[in-house]
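Here the structure comes first, spelled out in structure tokens, and everything after it is commentary.
The values are calculated or read from the model by the stated rules, or taken from the named source; none is laboratory data. Values in this document were obtained by computation on a predicted structure and should not be read as measured data. For neighbour counting, all protein chains shown are included, and Cβ atoms are generated from backbone atoms with ideal geometry for every residue, glycine included. Heavy atoms of the whole protein, side chains included, go into the accessibility calculation; ligands, DNA and RNA do not. Shrake-Rupley method; radii C 1.70, N 1.55, O 1.52, S 1.80 Å.
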Amino acid sequence: MQTLAHFGDGGPGPWILLFPLFWALVVGLGITLLRRTGWRGRRGPHGPAARDDSPLAVLGRRFASGEIDEDEYWRRLSVLEEQFGRRG
């Protein structure tokens, strides 16, 4: 019985099974490397790039949700702009 492309007659033998495994490993490592480095800031609305926990953003969210009124918003905004400056 001749298996794996005529192993005894000079064919590649069982080593031919390692080539698909090698390329799967290369592709898997490439995807892992890109996910850990290159794609980190571009994950959409729920990724880490969308989170902005700066004091100005927190103040804006509190005003938008109705936790604070307009007078308190402007008062706190002026204090925060003195400390942190306007971010554009």
Yes or no: L25 in a helix (DSSP H, G or I) and either modelled with pLDDT under 90 or touching a helix residue (DSSP H, G or I) at 6+ places or on another chain (Cβ under 7 Å) (or both)?
no
Scanning the stretch 31-88 residue by residue, the ones that are open to solvent by 50 Å² or more (accessible area, probe 1.4 Å), modelled with pLDDT of 80 or more, part of a loop (DSSP other than H, G, I, E, B) and of a type in the set (A, V, I, L, M, F, W, C) total 0
Mind checking which pairs have a first residue in the stretch 67-88 that is under 17 Å from D52 (Cβ atoms) and a second that is at pLDDT below 85 and loosely packed, with under 13 Cβ neighbours inside 10 Å, Cβ under 8 Å, 6 or more apart or different chains?
F84/S54; R87/S54
